[in-house]
Amino acid sequence: MGMKLALIVGINYYEHGSGLTGCVNDAYSVESMLKRNDGGSINFDCNLLTASGKSDSISRAKLKDSISQLFGTPGVDTALFYFAGHGHIESAGGYILASDARRGDEGVRLGEIMKFANDSPAINKIIILDSCHSGLAGADPGNDKLSVLADGMTILTASRADQTAAEKDGSGVFTTLMVDALSGSAADLVGHITPGSIYAHIDKSLGGWGQRPIFKTNIQQFVSLREVTPPISRDDLRSLADYFPRPGFKFQLDPTFEPEKRGRKRGTSAPVEENTKIFARLQKFNRLNLLVPIDAPHMWHAAMESKTCQLTALGEHYRQLIERGRL
């Protein structure tokens, strides 16, 4: 695994304009998620810049130079830029604002940030913006309905170009959901969290009528931003293909699979230890939506009534991954 760098910026203090309240907290929250994986292993090497007041204000020059340094560093596998603060849009394009901005067009242009990222030697370039009008990032300067993204480029923003980004309870609405996703809510069954799964989590949470997140990408495969403890071990997950060797296969159950002896009808076969161990694993698959009982409301009924169980579409997806040696 190559080097992973993250520049994380949160600006509450604006010398010549209205301040914000949640951006610094958001930056610290994002850093706490990105710097280590679940379990404590090193993840991103983070550079945290925050501005809470005049004494630690962030100038436009410092912000721009830091972004340039992030995307210009050689030998980087993943370079990630996160910004929480004021954003601005006008006919000439979009901007993110540093503490010393006197007017909107004195910020760092989104076009400049895209230039740094598109020209970056990093394999994966990720820009995450929790600022008003941030959805303009990546747009073609001549046509804002088109995007210009180099290979390996991903953009995730809090709102569309024509929208503001809301704060609630001392934190950005978008970043709150993103941190929740990074904590594990957006993980797949092997514990990987990708920009796509983060977007899906935020997208479902925000709904369709208010602030809308924007996701743009030009990649050949998703990069994992963080790893968490998976809900099932890889060994257990790989056994899925042992029980379901081909598409559409139905696994036959009977009362010997159910370990509970109470509630059995007279003459019903007793539990068999080997089968009950298999059934415990099948029940775990069921809880993770990898399989469902057929013609029975629950797995207990399927066993006691000698019914079958079958993979869901998600289960078949993982079965194929296992079959191809991808897990």
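The values are calculated or read from the model by the stated rules, or taken from the named source; none is laboratory data. Remember, it's a predicted structure, so these values are computed and weren't measured experimentally. Note that we place each Cβ from the backbone using ideal geometry, even for glycine, and neighbour counts take in every protein chain shown. Remember, those area values only see protein heavy atoms, side chains included, never the ligands or the DNA or RNA. Shrake-Rupley method; radii C 1.70, N 1.55, O 1.52, S 1.80 Å.
All distinct Cα pairs of segment 169-307 go into the 1/r average, and the inverse of that average, the Kirkwood radius, is 18.1 Å. Modelled spin-label separation between D236 and R287, with each label point placed 7 Å from Cα along the Cα-to-Cβ direction: 0.7 nm.
When both segment 214-273 and segment 99-138 are represented by their alpha-carbon centers, they are found 44 Å apart.
Within the chain, what percent of beta bridges assigned by DSSP are antiparallel, to the nearest 5?
50 percent
With the convex hull built on the Cα atoms of segment 1-154, state its orientation-averaged projected area in nm². Kindly include the intermediate steps, with their values, before the conclusion.
On the way: hull surface 36.2 nm².
Mean orientational projected area (segment 1-154, Cα hull): 9.1 nm².
In segment 31-131, what percentage of the DSSP-assigned beta bridges are antiparallel, given to the nearest 5? Given both bridge residues lie in segment 31-131, the antiparallel proportion sits at roughly 50 percent. Placing unit charges on the Cβ atoms of the charged side chains and taking the dipole of the chain about its Cα centre, the candidate lying farthest along the positive direction among L314, G22, F215 is L314.
Could you work out the percent of alpha carbon pairs in segment 227-327 separated by over 19 Å, rounded to a whole number? Before the final figure, lay out the partial values.
On the way: 2126 of 5050 pairs.
The proportion of pairs with Cα distances above 19 Å equals 42 percent.
Calculated mean residue ellipticity, 222 nm, the chain: -8500 deg cm²/dmol, from DSSP H runs (n ≥ 4) at -39500 (n - 2.57) each, averaged per residue and rounded to 500. Dipole magnitude for segment 27-98: about 200 debye, using +1 per Lys or Arg Cβ and -1 per Asp or Glu Cβ, origin at the Cα centre. With the cut-off at under 11 Å, measuring from each backbone N in segment 1-40 to a point 7 Å along the Cα-to-Cβ line of S52 picks out 24-25. How far is the Cα center of segment 285-311 from the Cα center of segment 1-69, in Å? So the two Cα centres are separated by 48 Å.
Write down Rg/Rh for segment 157-246, rounded to two decimals, with Rg from the C-alpha atoms and Rh from the Kirkwood relation over Cα pairs.
We get a ratio of 1.09 for segment 157-246.
Applying Stokes-Einstein at 37 °C and 0.692 mPa s to the Kirkwood radius of segment 21-71, computed over alpha-carbon pairs, gives a translational diffusion coefficient of 264 µm² s⁻¹. When mean projected area of the Cα convex hull in nm² is calculated directly from the model, which label among (1) 21.6; (2) 20.2; (3) 17.4 fits? Recomputing mean projected area of the Cα convex hull in nm² here picks out (2).
Here, segment 250-297 has an Rg and a Dmax of 11.3, 33 Å when only alpha carbons are counted. For segment 81-122, the share of accessible area belonging to carbon and sulfur comes to 45 percent (1.4 Å probe, ligands and nucleic acids excluded). Annotation: per residue accessible area for the chain equals 48 Å², rounded to a whole number [probe 1.4 Å, protein chains only].
Two numbers describe the Cα atoms of segment 202-246: Rg and Dmax, which are 17.3, 46 Å.
Amide H contacts of L291: N286, T312, each under 5 Å away and 5 or more positions distant or on a separate chain (H built 1.01 Å from N in the peptide plane; Pro and chain starts excluded). For segment 152-269, the fraction of 1.4 Å probe accessible surface lying on carbon and sulfur atoms is 49 percent.
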